[in-house]
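The values are calculated or read from the model by the stated rules, or taken from the named source; none is laboratory data. What you see is a predicted model; the values in this text were computed from it and never measured. Cβ: placed from backbone, ideal geometry, glycine included. Neighbour counts: every protein chain shown.
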């Protein structure tokens, strides 16, 4: 029975190699663009080749065993009487096989895996890496991410902007249930736990946009709780930070001005904050830079006027189960509100 | 050969009258015989497996293409929660305990389990807990917190509806039932083995059930305690896990995985016990390195209690602690390696017949080794940071749980079918079912490894196109269809063979263990003359020369020494020397009524009908008194 299995193995290997290198630009733990992911990918390839060797070895032993058993079976008459015990043959060499391949071989294989595990684990441990120049607070909510830059007084949501070429400390907690921060191209994941602080060092090697997703089941919209990490060249990061540190401009356009008033009147401000305005709500994402974010609803949909209108009119249609209630308003009010929201940058 | 002299027809008739359940529906409800109860566990668990399988089908249907709309987010979360819950709590453990209840007494030459009424009680409790969980589908408040039910998501604030109460109370009943079964099995194995069946002559399957029982006794109380605390938090607001009230959600994770990791081996160890039995029978030679295999099983059972943190590598525990748990988890590879190469060496030096059970075992070896290798990988904490809670882990644990537990269970169902029914299952359909399942399984689960690397987390009801996830998901869903077909073919084969299969006789596979010395199906009393064992493979060994005392005892027990007395030999733990003759309890309605009262009490708590709960609680007390009340001697 092992013949077909042995036959499919090379196919599987080819498929494996193809499957793991395809699709650059999408999340991929084996297409590392950061320190953590790179070290972990190295660990994986070591384990992959050792594991493959063990698997092939087992298949070969199985195949040889099947053939040997068949030969032995042909070589003698069939004792159908169950009381005729088959005399144990080759007991000593069989025993040696069990000890050699069952005990010694795994020990030999496991040793380098363990050593490598310790090395990578220790190197990536935030304690070991020491302090960083930039600390970012990431706070999990059902079903979005609050992102704070405490040293700069900047607050945003669902996008983490970092400079490349240096470790950045993410300090994480949760306001409600357990979430998990996972951006595969940059690093492994770490949980966000209510009442606890956890830490992760992100160290991007090259600029780019890296998608991730909440990896701990957190309720009805666990699936649409995505996170984007944008890694900038240090200069660009400074520019981004300078722009964010400014409150959004007071709208000049009359429609947008009306929208700004509606924002306060219709109750949006009960949950959302806009820097420099009386809107100080904290239950929902800070909207001070809404107009320049890539997506709405933590990666649920692209951020454009049509989607924004749809989201404000009926948030439950686009991301059912999120905590934003629908707000009744007229078409004109909606247009004014959109005009205002588009000025937030 | 063991001493299984036949006895006279009169003796058989008297034994049968003594050990039979009562006739009719009352007899069915009052039955305590280990074979009836064991078979009920097996059949009920198989039924629940089909329910869990339908839920798996729904999951794969929803994920077959991006943005599918088969299930909404709420329904999807309910479905994956119940899939995991059913497969763990209602299928795998009860199925394996049921196999143990049926076959362990036969394999060790006993006539029944030591506490037959408790055993019946365990079944009814299992059924009650299962029905409570199923009832949630009727009410619409289906548990949706995952099979791991992490607070704070499952606490009163974030899961205010009743779904989680169904889960916590139902699972608690199931775990109590599991403990009851484990008690039975541990005691029967330690105290009621056939004279001469020393520990070193015990079949590996019996070893595996003994270790499983011990693990259940140590592991299940942790989840019972954790569940009761969460239920108390939900009903009365005591903040065990709520950080706003000085509780800690990680407390649940520790308690849950102190149960949950041994749970994996509670399923796996008996499954490997089945594999050892099947390999030995079909290779037609004793298992190679029996002492090493026993040591390996014991090592796994002990080590499994020191691994729980490897489910918590991403919660921010310091690296030094993680390293210890990484090493401990990887060390499992060594006893597992011993088992795998013992089976391979047995095949190598044996003369294998490739009947269906042996095919399932060979498929098991291939899949289990693959799953074991990915198991070592996820044991490496830094690597686990990437794949934890991703589809890589889904692939990994389906390799070890479907390949490692379900394949051996299917081997066992085919292997022991003749003992249950007296008929041998068909080989053509049996082999076809194996190949379809083997191909379907790998197509369904192998691609999920890639999805993990590509960033697809577990428990997501939908995904967007363009992430490179479409092909793998499509393959996985189609493979699930093929796998389902294989399971249906397997079921058709058994259904047809039950009436049309070749008559089996006592030992159709020429196997070596004592269950094959009894008739197929076995009489109510299992053995007319109790077997005495002189070798590790008693049916392959020459007969035993009985000493005077043993002969006297086994001869005396060819019929009850007092009318209606259900008598069983008690033997010493290590050497299995005769100590005494114990008398077992007979049929009773009280286990059923007591379990029903427990179920009603749980329902009372569930719907906040506290009067009902208290009354039912009193009913439990009444039931226990009536159950235990001494009867006047017959």
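For the reader, a short list of remarks on this structure follows.
- Highlighted here are the helices (runs of 4 or more DSSP H) found entirely within region B:8-80 that include at least 2 residues which are under 22 Å from residue B:417 (Cα atoms) and modelled with pLDDT of 95 or more: B:34-62.
- Verdict on residue B:554 being at pLDDT 95 or above and either surrounded by 14 or more Cβ atoms within 10 Å (Cβ to Cβ) or in a helix (DSSP H, G or I) (or both): no
- Hey, residue A:107 surrounded by 20 or more Cβ atoms within 10 Å (Cβ to Cβ) and either in contact (Cβ under 8 Å) with a residue 40 or more places away in the chain or not in a strand (DSSP E or B) (or both) or not: no
- Every residue from region A:165-181 that is in contact with a strand residue (DSSP E or B) (Cβ under 8 Å, 6 or more places away or on another chain), part of a loop (DSSP other than H, G, I, E, B) and over 17 Å from residue A:219 (Cβ atoms): A:165, A:167
- Strands (runs of 3 or more DSSP E) contained in region A:193-266 and holding at least 1 residues more than 13 Å from chain B (Cβ to nearest Cβ): A:208-213, A:226-232
- Any hit, region B:574-591, residues being under 28 Å from the mean Cα position of the chain (by Cα), more than 14 Å from chain A (Cβ to nearest Cβ) and assigned to a helix (DSSP H, G or I): yes
- Condition broken by residue A:78, with the remaining ones in (1) at pLDDT 50 or above; (2) surrounded by fewer than 17 Cβ atoms within 10 Å (Cβ to Cβ); (3) facing another protein chain (nearest Cβ under 7 Å) satisfied: (3)
- Between B:445, B:450, the distinction of being part of a helix (DSSP H, G or I) and within 9 Å of chain A (Cβ to nearest Cβ) belongs to B:450 only.
- One residue alone among B:468, B:486, B:479 is closer than 29 Å to residue A:41 by Cβ and in a helix (DSSP H, G or I), and that residue is B:479.
- From the options B:396, B:388, residue that is over 24 Å from residue B:213 (Cα atoms) and either touching a strand residue (DSSP E or B) at 6+ places or on another chain (Cβ under 8 Å) or at the interface with chain A (Cβ under 7 Å from one of its Cβ atoms) (or both): B:388
- Answer from A:282, A:198 - the residue that is under 16 Å from residue A:139 (Cβ atoms) and touching a strand residue (DSSP E or B) at 6+ places or on another chain (Cβ under 6 Å): A:198
Listed here are the residues, each with its yes/no results for (1) within 24 Å of residue B:317 (Cα to Cα); (2) assigned by TED's automatic domain parsing to the domain that holds residue A:145; (3) without any contact (Cβ under 8 Å) to a residue 24 or more places away in the chain; (4) crowded, with 20+ Cβ neighbours inside 10 Å.
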| position | (1), (2), (3), (4) |
| --- | --- |
| A:208 | no, yes, no, no |
| A:215 | yes, yes, no, yes |
| A:220 | no, yes, no, yes |
| A:268 | no, no, no, yes |
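- Inside region A:92-124, residues that are closer than 30 Å to residue A:213 by Cβ and either touching a strand residue (DSSP E or B) at 6+ places or on another chain (Cβ under 9 Å) or more than 7 Å from chain B (Cβ to nearest Cβ) (or both) make up a count of 4.
- Each residue in region B:314-331 was checked for being more than 7 Å from chain A (Cβ to nearest Cβ) and part of a helix (DSSP H, G or I), and 7 of them qualify.
- Each residue in region B:120-158 was checked for being surrounded by fewer than 24 Cβ atoms within 10 Å (Cβ to Cβ), out of contact with any helix residue (DSSP H, G or I) (no Cβ under 8 Å at 6 or more places or on another chain) and assigned to a loop (DSSP other than H, G, I, E, B), and 3 of them qualify.
- Considering only residues in region A:6-37 that are over 22 Å from residue B:369 (Cα atoms) and surrounded by fewer than 18 Cβ atoms within 10 Å (Cβ to Cβ), the one that is modelled with the highest pLDDT turns out to be A:26.
- Number of residues in region B:424-446 that are free of Cβ contacts under 8 Å to residues at least 40 places away in the same chain and crowded, with 20+ Cβ neighbours inside 10 Å equals 0.
- Residue within region B:520-539 that is surrounded by 22 or more Cβ atoms within 10 Å (Cβ to Cβ) and outside any loop (DSSP other than H, G, I, E, B) present: yes
- Residue within region B:470-493 that is buried (at least 18 other Cβ atoms within 10 Å of the Cβ), farther than 23 Å from residue B:523 by Cα, out of contact with any helix residue (DSSP H, G or I) (no Cβ under 6 Å at 6 or more places or on another chain) and within 14 Å of chain A (Cβ to nearest Cβ) present: yes
- If you go through region B:399-424 and keep only what is closer than 21 Å to residue A:62 by Cα and either within 12 Å of chain A (Cβ to nearest Cβ) or more than 24 Å from the chain's Cα centre (by Cα) (or both), you end up with just B:399.
- Condition check for residue A:328: at pLDDT 95 or above and out of contact with any helix residue (DSSP H, G or I) (no Cβ under 7 Å at 6 or more places or on another chain): no
- For region B:494-519, the tally of residues that are surrounded by 15 or more Cβ atoms within 10 Å (Cβ to Cβ) and in contact with a strand residue (DSSP E or B) (Cβ under 8 Å, 6 or more places away or on another chain) stands at 4.
- Check on residue B:103, assigned to a helix (DSSP H, G or I) and farther than 30 Å from residue B:581 by Cα: no
- Of the residues making up region A:302-318, not a single one is touching a residue at least 60 places away in the same chain (Cβ under 8 Å) and outside any helix (DSSP H, G or I).
- Consider region B:332-351 and keep the residues that are assigned to a helix (DSSP H, G or I) and farther than 19 Å from residue A:55 by Cβ. The one that is farthest from the other protein chains (Cβ to nearest Cβ) is B:346.
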